[in-house]
Amino acid sequence: MSKKVIAIIYEGEKTEKLLLSNLSKHFFMGYAELVPIMFPAGENIYMLWKQLKEDDFETDVIEVVRESSESARKILSNFKRNDFMEIYLFFDYDGHNQNLNKSENGNKVLKEMLDTFSDETNLGKLYINYPMTESIRDITRDDCCYRRCVLEIAELCRYKQIVHEMKDYQDSRKYSVRDWSLFCLTAVKKWNCIVNNRYSVPEREEYLKEEPQRRLFQNQLQKFVLNEKIAIINGFPLFLLEYFKKEFWEQMLGT
């Protein structure tokens, strides 16, 4: 194949698919083919991790996904495992306790998942949306750190309705590069605020050294989740900032 092929494994339905289509159009066209693979209803990335763990992490991720549903088999019918140079997984924190046994601690499992899915060229690299993918819309054009940035966990059941009432960024098919620039700027400032208590753009080298998704989860847990709250932050802009080179970081963040 002439272009790099990247597997994107995610939960959800319409929102993620439209978001990935827009992201692909603006940033990956001509460079790489993104292959979105949705988990079927009643499944999630936890189930994928559990299967891998039962097999001592010797089973191939793509083949496990291929066997997960008819839709996955159809999407992957034209691909061999070696076609995929990279694998990325996107997971909603809101749903991380689905399919867990009562004896299992959801946050402990999620930490193990972040440890497992830490290399995009092997088992895959995991990004978490807090509390869910729809948090990409939880922003206004004059965004700053003084508007809502934390959600009570008791309000999670209402969150989709909350963001649905925010009109600026409802249609992900229409997101522009300028919109993504704002998403990236806001997300990385939020990351720095959650991790380092500074609402500002971190130095790229320092950010990348921090193992961003692990540090984000650790601080979410310690500062917010244990206090029945969740800091709102989306994983897709952080994925972009980490994926591309320094020039992209500077261009998107204006640094």
Qualifying residue in segment 80-92 (condition: under 29 Å from residue 107 (Cα atoms), hydroxyl-bearing (Ser, Thr, Tyr) and free of Cβ contacts under 8 Å to residues at least 40 places away in the same chain): no
Selection from segment 1-24 of residues that are assigned to a helix (DSSP H, G or I) and either in contact with a helix residue (DSSP H, G or I) (Cβ under 9 Å, 6 or more places away or on another chain) or modelled with pLDDT of 80 or more (or both): 15, 16, 17, 18, 19, 20, 21, 22, 23, 24
Residue match in segment 139-151 (condition: exposed (fewer than 11 other Cβ atoms within 10 Å of the Cβ) and among the aromatic types (Phe, Trp, Tyr)): yes
Flag if residue 62 is touching a helix residue (DSSP H, G or I) at 6+ places or on another chain (Cβ under 6 Å), at pLDDT 90 or above and closer than 23 Å to residue 17 by Cα: yes
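Quick check on residue 32: is it closer than 25 Å to residue 173 by Cα, crowded, with 18+ Cβ neighbours inside 10 Å and either small (Gly, Ala, Ser) or in contact with a helix residue (DSSP H, G or I) (Cβ under 6 Å, 6 or more places away or on another chain) (or both)? Lay out the reasoning, then the answer.
Numbers: closer than 25 Å to residue 173 by Cα: yes; crowded, with 18+ Cβ neighbours inside 10 Å: no; either small (Gly, Ala, Ser) or in contact with a helix residue (DSSP H, G or I) (Cβ under 6 Å, 6 or more places away or on another chain) (or both): yes.
Criteria not met by residue 32.
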Segment 152-181, residues that are open to solvent by 60 Å² or more (accessible area, probe 1.4 Å), in contact with an Asp or Glu (Cβ under 7 Å, 6 or more places away or on another chain) and closer than 24 Å to residue 10 by Cβ: 160
Within segment 182-217, considering residues that are of a type in the set (S, T, N, Q) and in contact (Cβ under 8 Å) with a residue 24 or more places away in the chain, the one surrounded by the fewest Cβ atoms within 10 Å (Cβ to Cβ): 213
Condition met for residue 57 (in contact (Cβ under 8 Å) with a residue 12 or more places away in the chain, assigned to a loop (DSSP other than H, G, I, E, B) and farther than 18 Å from residue 113 by Cα): no
Within segment 144-197, tally of residues that are basic (Lys, Arg) and in contact with a strand residue (DSSP E or B) (Cβ under 8 Å, 6 or more places away or on another chain): 1
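Among the residues of segment 225-241, write down those that are part of a helix (DSSP H, G or I) and surrounded by fewer than 18 Cβ atoms within 10 Å (Cβ to Cβ).
Taking segment 225-241 first, the residues part of a helix (DSSP H, G or I) are 225-227, 235-241.
Within segment 225-241, 226, 227 qualify.
Any chance you could count how many residues in segment 25-54 are assigned to a loop (DSSP other than H, G, I, E, B) and within 30 Å of residue 108 (Cα to Cα)? Can you show your working first?
Just the residues of segment 25-54 that are assigned to a loop (DSSP other than H, G, I, E, B), to begin with: 28-31, 39-44.
Checking which are within 30 Å of residue 108 (Cα to Cα) leaves us with 39-44.
Number satisfying all stated conditions: 6.
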Qualifying positions in segment 110-123 - closer than 27 Å to residue 182 by Cα and buried (at least 18 other Cβ atoms within 10 Å of the Cβ): 114, 120
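How many residues are within 15 Å of residue 8 (Cβ to Cβ) and open to solvent by less than 40 Å² (accessible area, probe 1.4 Å) if we restrict to segment 67-82?
Initially, segment 67-82 is screened for residues within 15 Å of residue 8 (Cβ to Cβ), giving 68, 71-72, 75-76, 79.
Filter once more, keeping what is open to solvent by less than 40 Å² (accessible area, probe 1.4 Å): 68, 72, 76, 79.
Residues in segment 67-82 being within 15 Å of residue 8 (Cβ to Cβ) and open to solvent by less than 40 Å² (accessible area, probe 1.4 Å): 4 in total.
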Selection status of residue 140, of a type in the set (Ser, Thr, Tyr) and at pLDDT 90 or above: no
Selection from segment 35-56 of residues that are at pLDDT 85 or above, open to solvent by 70 Å² or more (accessible area, probe 1.4 Å) and aliphatic (A, V, I, L, M): none
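The values are calculated or read from the model by the stated rules, or taken from the named source; none is laboratory data. Source: prediction; values computed, not measured. Glycine gets a Cβ as well: all are built from the backbone with ideal geometry, and neighbour counts include every protein chain shown. Ligands, DNA and RNA are stripped out before the accessible areas are found, and what is left, the full protein with its side chains, is counted by its heavy atoms. Shrake-Rupley method; radii C 1.70, N 1.55, O 1.52, S 1.80 Å.
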